[in-house]
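Enquirer: I have a structure I would like to understand better, so I am pasting it below and will then ask my questions one at a time.
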Amino acid sequence: MSEKKEKLKRKTDATIDAFKSQRLRWVVGRSQVKVEVEEAKYQQTVDSIMKDEVERHMIIGALKEKGPLTVEEIAQLTELQQSKIVQHIIALRKNGLISEVGEKNRQYLYQAI
Amino acid sequence: MVEEPFEKENKAEEKFEPLIVAYCCNWCAYAGADLAGTSRFEYPTNIRIIRVMCTGRIDPTLVLEALRMGADGVLVAGCHPGDCHYQKGNYMMEKRFEYIKKAVKTTGIEPERVRLEWISASEGGKFAALVREMTEQIKQLGPSPFRLVNNSK
């Protein structure tokens with residue numbers, strides 16, 4: 001399978017997983033949202049949540065597929081920025097979705113739980 | 001994830017025949033499709049109808065997974081706004097559909113492959129015309145990238 005197709009498959013799987021996540025389910029799928037913010041700002045928030053969730057599930061997917069990986073290796077697989085990955089890793093660790101499992105080349109190795 | 005159903009049907013394809021999955025609400029669109037049948041309106045056989053109780057029940061993952069499994073298009077058909085049997089199911093879907101379209105676009109699939117339409121129980125003709133039009137549109141777009149992904153395994 002070519003790399004392009006592999007990428008498409010990985011991204012779609014991450015999107016499907018993202019839509020299954022609690023965080024996205026809370027904001028998507030309501031006809032009227034009773035929050036005290038203007039519509040444009042709400043849309044912006046939902047968009048950023050959607051982007052974050054897809055990226056996070058891409059990271060989890062990469063970890064599940066290829067086993068323990070460092071941030072650098074995750075960046076190669078997912079084509080995301082390393083700084084962004086670190087931010088996501090902090091959030092994912094806090095939610096108990098990934099954990100550290102030792103070191104490789106003086107970098108932490110992460111694994112999906 | 002199961003990947004066989006769509007593959008089997010398309011094994012011996014030479015001329016591209018699209019496969020469209022349609023989620024129809026029980027009270028309007030499904031009755032409309034039924035009427036199209038009983039009124040003997042002709043429409044392409046490329047559509048596979050799945051009856052759901054309300055469009056508000058359709059989770060975004062259902063649409064995305066249909067595409068992921070190799071469907072060339074997904075149609076979501078429900079009652080006209082204000083006519084929902086459950087008061088506001090179709091409004092929920094309308095809102096949700098914006099996000100589905102966005103998600104489909106960001107994944108790299110053409111957003112035209114997913115459509116949301118309102119069909120009432122008396123619009124059999126409209127249903128047949130819609131299926132004809134959508135089949136033509138998908139034929140022009142070509143096969144879904146996932147059909148190729150699944151077949152190359």
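Enquirer: Only one of (1) away from chain B (no Cβ under 14 Å); (2) free of Cβ contacts under 8 Å to residues at least 24 places away in the same chain; (3) of a type in the set (Gly, Ala, Ser) is not met by residue A:62, so which one is it?
Expert: (2)
Enquirer: Working only within the range B:38-54, note down all residues that are within 16 Å of residue B:121 (Cβ to Cβ) and touching a residue at least 40 places away in the same chain (Cβ under 8 Å).
Expert: Within the range B:38-54, B:38, B:39, B:41 qualify.
Enquirer: Here's a follow-up. Within the range B:63-104, which residues are assigned to a loop (DSSP other than H, G, I, E, B), of a type outside the set (Asp, Glu) and over 30 Å from residue B:16 (Cα atoms)?
Expert: Correct list: B:79, B:80, B:81, B:82, B:84, B:85, B:86, B:87, B:88.
Enquirer: Quick check on the range B:89-117: of everything there that is out of contact with any Lys or Arg (no Cβ under 9 Å at 6 or more places or on another chain) and more than 14 Å from chain A (Cβ to nearest Cβ), which residue is surrounded by the most Cβ atoms within 10 Å (Cβ to Cβ)?
Expert: B:115
Residue by residue, here is whether (1) surrounded by fewer than 18 Cβ atoms within 10 Å (Cβ to Cβ); (2) more than 7 Å from every other protein chain (Cβ to nearest Cβ); (3) modelled with pLDDT of 80 or more; (4) touching a helix residue (DSSP H, G or I) at 6+ places or on another chain (Cβ under 8 Å) holds:
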site: A:16; (1), (2), (3), (4): no, no, yes, yes
site: A:19; (1), (2), (3), (4): no, no, yes, yes
site: A:30; (1), (2), (3), (4): yes, no, no, yes
site: A:35; (1), (2), (3), (4): yes, yes, no, yes
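Enquirer: Within the range A:38-48, can one find any residue that is within 14 Å of chain B (Cβ to nearest Cβ) and touching a residue at least 12 places away in the same chain (Cβ under 8 Å)?
Expert: Yes: one or more hits.
Enquirer: Take the residues in the range B:64-81 that are within 12 Å of chain A (Cβ to nearest Cβ) and either surrounded by 23 or more Cβ atoms within 10 Å (Cβ to Cβ) or of a type outside the set (D, E, K, R) (or both), then tell me which one is farthest from residue B:147 (Cα to Cα).
Expert: Residue satisfying both the conditions and the ranking: B:81.
Enquirer: Any idea which of (1) more than 14 Å from every other protein chain (Cβ to nearest Cβ); (2) assigned to a loop (DSSP other than H, G, I, E, B) is the one residue B:35 doesn't satisfy?
Expert: Exception for residue B:35: condition (2).
Enquirer: In the range B:47-62, is there at least one residue being assigned to a loop (DSSP other than H, G, I, E, B) and within 17 Å of residue B:130 (Cβ to Cβ)?
Expert: Within the range B:47-62, not a single residue is assigned to a loop (DSSP other than H, G, I, E, B) and within 17 Å of residue B:130 (Cβ to Cβ).
Enquirer: Taking into account only those residues within the range B:11-31 that are modelled with pLDDT under 90 and of a type outside the set (A, V, I, L, M), which is nearest to residue B:140 (Cα to Cα)?
Expert: B:16
The values are calculated or read from the model by the stated rules, or taken from the named source; none is laboratory data. None of the values given here were measured: they were computed from a predicted structure. Heads up, the Cβs are rebuilt from the backbone with ideal geometry, glycines too, and the neighbour counts pull from every protein chain shown.
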